[in-house]
Structures are given as C-alpha cells and as structure tokens.
1. Over 27 Å between Cα atoms: which of LYS25/LYS312; LYS106/LYS217; LYS146/LYS175; LYS277/LYS423; LYS277/LYS361; LYS100/LYS152 fall into that group?
2. Counting only other residues whose beta carbon sits under 13 Å from that of VAL184, what net charge do I get with K and R as +1, D and E as -1?
3. Looking at [x] 65, 63, 50; [y] 69, 50, 46; [z] 84, 55, 39, which value of Cα extents along the principal axes in Å comes from a calculation on the structure shown?
4. Rounded to whole Å, give me the distance from the Cα center of segment 239-256 to that of segment 133-184.
5. Pull out a ≥ b ≥ c, the square roots of the eigenvalues of the alpha-carbon gyration tensor of segment 2-204, then state rounded if a/c is under 1.5, prolate if not and a/b is larger than b/c, and oblate in the remaining case.
6. Based on the mean of other beta carbon atoms within 10 Å per residue, what is the order of 396-405, 209-218, most packed first?
7. Would you mind counting up the charge near ALA134? Only other residues with Cβ under 12 Å from its Cβ, with Lys and Arg at +1 and Asp and Glu at -1.
8. I need the shape label for segment 142-211. Rule: rounded when a/c is under 1.5, else prolate if a/b > b/c, else oblate, with a, b, c from the alpha carbon gyration tensor.
Amino acid sequence: ELKEIVFVIQSQSNSFHSKRAEDLKRDILKQAVNLGKELPTVLLIHLIDRHEGAWTILPLMKDFSVTYGRNTSWIFFCEEDTRIQVVKLLETLRRFDKSKEWFLGKALYDEESTIIHHYAFAENPTVFKFPDFAAGWALSIPLVNKLAKKLKSKPLKSDFTIDLKHEIALYIWQKGEGPHLTPVPEFCTDDVNSYKADHCATTFSNFLPLCGEPVNKEDVFVAVKTCRKFHGDRIPVVKQTWEREAALIEYYSDYADISIPTIDLGVPNTDRGHCGKTFAILERFLNHTSPRTPWLVVVDDDTLISIFRLRKLLSCYDPNEPVFLGERYGYGLGTGGYSYITGGGGMVFSRTAVQKLLASKCRCYSMDAPDDMVLGMCFSGLGIPITHSPLFHQARPMDYPKDYLSHQIPVSFHKHWNIDPVKVYFTWLAPNTEESHNGKKVGYNREDL
C-alpha cells in the first residue's frame, strides 16, 4: 500500500532548492489523492534534523527505524528533480518481498578505479554497484532496522564524505555480509518525455536550471588561484579554453607576471591548503571590486569551468542570500563535523556570504590550512548552509561513471592529470557541443574521454 512507503526527498535549505523539493512533495501527494489512496509520509531531509550531517542519510537510520520500523515497508529516497509515477512505483516495489532486506536502485559502477572512491575494487571496479540517486533508491524496513542496530553498536567513523552514493552502498554491503544493490530497470534517469520512459517508475530532468535570464557576464567575478611554477603550463590552458567566457577575471599568484597578468597578493605560496591566499582573495573581492558585482567564483588554475553555464545556474539563486555553492563534501558528519565545498570544482560565493564571513572574524588557523575545509567550518559556525550542485566536479570526466554523467550538463571538472584538458573542455564544457577553436570546428566524442 502507498501508506507503507515513506518518501524522503534529498532536499536543501537554500530557497531555490527547498521550493523544488516542496513542489515534488505536492506532486506525490496529489497523485496519492487522485488514486484515492491514504496519503503517504513525505519528508524533506533538510527539515528532518538540524544536525549538519542529515544529508549523509546514515545518521538518520536510527530515527527512521524508531518512527517507521513497525508500520512501514519501504523508505524511498529521491532527489528534488526526480519525477515519480506513483502507480508504477507501487507495482515495482510489490515485486519484492518486503519482509526481506532489500537495497534497490539504478546501478552505477566505476569503469576504472578512481580517486574519488579511494581506488576501491582496483582489480575489477565494475563488480561493485552503487545507486544513481537521481533515479531514486529504496531500502526495505528490515534493512533499515538492521542498519540502525549496527549504527547503535558501532557509530559512524569520523571521516570524509566524498561520494555519498558509493559510501552508502559500501556501508550497506558490509564487506560482503550485507546486501548488494539490486538493479531495478523501472528506476530510470531518462527524461520524462523520452520514448524510453514508458516503463519507468521514476524519470529525471536532464537540464541545467534556468530561472529567467542568465546573470550578466559583469555580475560574475572570477578569481584563479595559481603560483609561479604553474604559469607556463596551466594558465595557457585557461586562456585557450574558458577565459574568454569571463568578463571579470584576475589571476592570483606568489609572483607578479605582467604577461598573464598575475597579481601578487603578498601571500607566499604553500605546497598545500592555500587558506591564506583564498582569504586574501575574499578580502580583495570585498574591498577592490564594484559593490554591484554580486558573485565571486574561486577556481584552481587546473579547474575547467563553463562560465556560460554557471551564469544560467546562478539565475536561480538570490545574491541577497548568503550563498556558498559548489560540490559538497563532508568531514566528521557523524560526530558533529561540518560540510564544505570542495575547492577544485570551483567555489561560488554571493557577495552577501563573503561579507558575513569576513565580518565574523573566522580565519585560517594556519596559512597552509585546507582553504575549502576552513571555509566550511566558518560557514557552519555562522549557520550558513552549504548549497550542493552535482554539476561541479572535483575530478576528471573519466573518474565518474558514464551513465551518471549522461544525465548531466556539467559546469566544471578538475585536474589535468593524464588528460588533454583542452580536449576535455571542448567536449564537455564549451558553450556549443562543437566549438570554433583557432578557426577550426572541433567536435569530440565523449566516449573517448
């Protein structure tokens, strides 16, 4: 029965995202009313728990078990852009014996072992399957109860959360003692209008959010972090690829090179962390750029980014809110840690967020502290939420499953290691799929990358 399913929308507190999640909740309840069914429970994850780690889901298992462990059969998770055909979802779940432990979803796997999964299953990464959250995924209550019991006796390690869908699958798998993910063909990421969507209980909108006109080029200030040793190999890539998309861009280094030009912030280069440099960039943005420029983007010199797409995405956010946007990671979330935006994929700040941060006196504990983690700690202390977008990427295209990227219009990738970064940019991020490059039309096949 529909009332035996608890729907959990993996929502966020930012106003744009919470509205989308509310719309999805309304749609699920409306479908239930139209079916004449008793209404199911629909939860928004950002409202369940003030605890910072609610988005990592596992800390909520104990609550789910206590509250829903007796009179519910399934917890069904989805993203705010997942679309659900309630009748088909009911038909699909009925195929599985609800008294057994089930972990259901659309299966993803790594084609090759990857840094974002700590090179897990290096001998054959294709053997381990993990769910594509966009398609929705489900846990049977017996499995929820088992996980809650395990978490009681063996709390979560205070560690990094990098790719939640992979880490949850690993935790459930329990080194082979727990269930594997069971692939469900009705959990889909096809577009709702696709001919393939007829058999699907779930679909997913493959689009870049656009809420009105893209923000003006002059509304986005881009800060590139570099250092003298990379001026010769990384900066030319930026200039060959995405620099032309940025109206306002400055390169910050430990050495003033007029040929680029770079600006020496007076902060010595550090081998890691770069916290001192990043805070100097934030101070400079606040004090030396037009107060009418609402957005700051901080990227590494080996970040590949589409400013064109970012301007579309930013049309959905209110710069009067303190917005801190990018790819969200977590640290120690089971034990009172914090979320942060990982730096390599690009960190986007509203001017309001920068003002609140610098007014707070929260600063680096050392010049080479990890800047992204210190920023996460500071914003967490200020009660300013991290806003996650899966369109920013800390790694290279080949570090993600092809099927996962196939329903994305990415905004960024990171690292030049063992790739042709110019080719990656023109394949994945250029404003047109075929981009004029040095007067020639260039088109690449994503499958090659």
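FYI, it's all coordinate maths here, none of it is from the lab. Treat the numbers as computed from the prediction; the structure is a model and nothing was measured. For neighbour counting, all protein chains shown are included, and Cβ atoms are generated from backbone atoms with ideal geometry for every residue, glycine included.
1. From the list (LYS25/LYS312; LYS106/LYS217; LYS146/LYS175; LYS277/LYS423; LYS277/LYS361; LYS100/LYS152), the Cα-Cα distance tops 27 Å for LYS106/LYS217; LYS277/LYS423.
2. So the environment of VAL184 carries a net charge of +2.
3. [y]
4. If we compute the Cα centre of each part, the gap is 42 Å.
5. Details: a/c = 1.44, a/b = 1.25, b/c = 1.15.
Rounded, because the longest to shortest axis ratio a/c is under 1.5.
6. Top of the packing list down: 396-405, 209-218.
7. Working: positive: ARG83, LYS106, LYS165; negative: GLU79, GLU80, ASP81, ASP132, ASP190, ASP191, ASP403.
Cβ neighbours under 12 Å give a net charge of -4.
8. prolate
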